[in-house]
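Peer 1: Quick one: the structure is below, and I'll ask about it shortly.
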Amino acid sequence: MNTILEVNKLIGEFVWGWPMLILLLGTGLFIGIKTKFIVLSKFGYIMKNTLFKMFKKSSAGEGEVSAFQAVSTALAATVGTGNIAGVALAIAVGGPGAVFWMWLSALLGMTTKFSEVILSITYRVKDDQGSFYGGPMYYISRGLGKNWLAKLFALFGALASFGIGCMTQSNSIAEVLKSSFNVNPMIVGIVLAVLSGIVIIGGIKRIGQVTEKLVPFMAFFYILGSMIIIIINANQIPHAFNLIFSSAFTGQAAVGGFAGSTLMMAMRNGIARGVFTNEAGLGSAPIAHAAATTDHPVRQGMWGVFEVFMDTIVICTMTALVVLVSGVWNSGLQGAALTSAAFEEGIRGGKYIVSIGLTLFAFSTILGWSYYGEKCTQYLLGKKFITPYRLIFIPLVFVGSIGGLQSIWAISDTLNGLMAIPNLIGLLFLSGVVVTMVRDFFKDPERHRNSDREYLDILPDKYKPRDHIHK
């Protein structure tokens, strides 16, 4: 087992190291150039049709869940412990400048996730029962004809879901509830497993119904708590932004309880945390988006942009500002402990905001990732293996809460990163499809509403779906 963990450590250092981070950012930049940075130039239009229409019911197009339920499921999986602990860790290790690089990764990540969602809708399939499936495994197999590469992605995704999307999350919940409220981890594990099971067994429709209510509530709760602290310390906001921008390029040394950070450390930690929290380029979120009701791939792609914006630009920034304005960022603490100390410094009882926020974030991640793993398993082994997958996943929620199988967590973290490789290959080689869809949609966005036009018809022959269709 030690040998396996050593090999995993080497692979993990690669998949979360500079080569992969450059590839992730480079993919966003490459597609951004090809699409003339449409995500940034049309950002106002995108927010108008996502943020300001979140709860509007839409029946246009085919799908199993509403566009907002799909993005809620994706956000449920994306907004997790990384938004609370990961951001604080980036600042502790890389200095305040890491926040700038986190923002940069998000700006490029918007284009990456926009593209992932467009491809997931374009190449999704519908089975005999009318259920929709999609994601990287489908656009890689149907768009590129690389079935082996699609299976590789699905294998990484299915295995990663047990660790990064299950046990690590339940363990985080158990630990924070024990430290804050002295709740027995075993009781936490039982309750989590039961609640997760009730939702997961209902499939994407029930997951979507739960997450569309849970995600807005948990985001509002955490953002409100953060804003109160930021407003109380409003006089420190200019200093916080000055720290972020001044140390982004100078590698300003941090003081207090740890070694001085360098420019490279600020860049690596900021970019890595940004990618880890919003998952742009990893290929996970498009699996949820593929089930959405929509009339055009680009319309759902805009929700992918909203997802990255909400996760990193809004929620992660809230954490970063609280940590910086509180003045404890250089105390020597790291991760969730640093965030908790910052909130407590901001307002009395602030640590409970972190505890409750982390619990909600982590629980929602369990729900979202259960669906990702389920669809990856289905792609590999067929629909008959959905129930066995759930019967393995749900008990592991309990196992994680009591700290079991910790070596699996490290391996699943690596598998999570490895998902990006086949996905990025698909994005790069199918970038022409993204360009085609973007041009078609923005000629006249409104003409697609209530239209039964088949958007696959506009694809050039070389991009038409291959015969590798899995049901």
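The values are calculated or read from the model by the stated rules, or taken from the named source; none is laboratory data. What you see is a predicted model; the values in this text were computed from it and never measured. As a convention, Cβ positions derive from the backbone with ideal geometry for all residues, glycine included, and neighbour counts pool all protein chains shown. When the accessible area is computed, the model is the full protein with side chains, heavy atoms only, and any ligands, DNA or RNA have been set aside. Shrake-Rupley method; radii C 1.70, N 1.55, O 1.52, S 1.80 Å.
Peer 1: Quick one: angle between helix 237-250 and the longest Cα principal axis of the chain, in degrees between 0 and 90, rounded to 10, please.
Peer 2: Tilt of helix 237-250: around 70 degrees.
Peer 1: Given only helices, namely DSSP H runs of n ≥ 4 each adding -39500 (n - 2.57), what is the per-residue ellipticity at 222 nm of the chain, to the nearest 500 deg cm²/dmol?
Peer 2: -22000 deg cm²/dmol
Peer 1: A follow-up question, please. Suppose every Lys and Arg Cβ carries +1 and every Asp and Glu Cβ carries -1, with no other charges. What dipole size does the stretch 1-445 come out with about its Cα centre, to the nearest 20 debye?
Peer 2: 740
Peer 1: Suppose the chain between Ile237 and Val183 were pulled fully straight at 0.36 nm per residue; how much longer would it get relative to their current alpha carbon spacing?
Peer 2: 15.8 nm
Peer 1: Count the net charge of all other residues whose Cβ sits under 14 Å from the Cβ of Ile353, scoring Lys and Arg as +1 and Asp and Glu as -1.
Peer 2: Overall, the nearby charge balance is 0.
Peer 1: Let me ask another. May I ask which of Lys205/Lys383; Lys34/Lys151; Lys178/Lys213; Lys36/Lys113; Lys56/Lys205; Lys34/Lys126 have a Cα-Cα span longer than 19 Å here? Show your work: numbers first, answer last.
Peer 2: Working: Lys205/Lys383 16 Å; Lys34/Lys151 28 Å; Lys178/Lys213 26 Å; Lys36/Lys113 16 Å; Lys56/Lys205 17 Å; Lys34/Lys126 30 Å.
Table pairs above 19 Å Cα-Cα are Lys34/Lys151; Lys178/Lys213; Lys34/Lys126.
Peer 1: I need the calculated FRET efficiency for the pair Leu40 and Leu195, taking r as the beta carbon distance and R₀ as 41 Å, to the nearest 0.05.
Peer 2: Efficiency at R0 = 41 Å is approximately 0.55.
Peer 1: Below 8 Å between Cα atoms, with a sequence gap of 6+, how large is the relative contact order for the stretch 333-416 in percent?
Peer 2: Normalised by residue count, the contact order of the stretch 333-416 is 13 percent.
Peer 1: Can you work out ³J(HN,Hα) from phi for every residue in the stretch 363-377, in order, using Karplus 6.51 cos²θ - 1.76 cosθ + 1.60 and θ = phi - 60°, giving whole Hz and x for Gly and Pro?
Peer 2: Ordered by residue, 3J(HN,Hα) equals 5, 5, 5, 4, 5, x, 6, 4, 5, 4, x, 5, 5, 5, 5 Hz.
Peer 1: Excluding ligands, DNA and RNA, what is the solvent-accessible area per residue of the chain at a probe of 1.4 Å, expressed in Å²? Walk me through the intermediate numbers first.
Peer 2: Details: 17780 Å² over 471 residues.
In whole numbers, the chain has 38 Å² accessible per residue.
Peer 1: Using Cα pairs closer than 8 Å and at least 6 residues apart in sequence, work out the relative contact order for the stretch 1-445, in percent.
Peer 2: In percent, rounded to a whole number, it is 37.
Peer 1: Further, regarding this structure: Using Cα-Cα distances under 8 Å and only pairs 6 or more residues apart, what relative contact order does the stretch 269-364 have, in percent?
Peer 2: Reported relative contact order: 17 percent.
Peer 1: Which loop-located trypsin sites (Lys or Arg not before Pro) does the stretch 322-379 contain, where loop means any DSSP state but H, G, I, E or B and the Cβ has at most 13 other Cβ atoms within 10 Å?
Peer 2: The qualifying sites are Arg348.
Peer 1: Among (1) 134; (2) 200; (3) 189, only one was calculated for this model; which label is it, if the read-out is volume of the Cα convex hull per residue in Å³?
Peer 2: The value computed from this structure is option (1).
Peer 1: Separate question: Roll a 1.4 angstrom probe over the protein heavy atoms and tell me the percent of accessible area of the chain that is carbon or sulfur.
Peer 2: Carbon and sulfur together cover 65 percent of it.
Peer 1: Only loop residues by DSSP count here, and only those with at most 10 other Cβ atoms within 10 Å; note down the chymotrypsin sites (Phe, Trp or Tyr not before Pro) in the stretch 287-318 that meet that. Before the final figure, lay out the partial values.
Peer 2: On the way: sites: Trp303, Phe306, Phe309; in loops: none.
Of the chymotrypsin sites (Phe, Trp or Tyr not before Pro), not one in the loops of the stretch 287-318 has a Cβ with at most 10 other Cβ atoms within 10 Å.
Peer 1: To continue, here is another question. Please list 358-368, 334-344 highest first by mean number of surrounding beta-carbon atoms within 10 Å per residue. Show your work: numbers first, answer last.
Peer 2: Working: 358-368: 25.3, 334-344: 22.8.
Averaged packing, sorted descending, gives the order 358-368, 334-344.
Peer 1: Taking the Cα centroid of the stretch 1-59 and of the stretch 152-220, what is the distance between the two, rounded to the nearest whole Å?
Peer 2: One Cα centre to the other: 23 Å.
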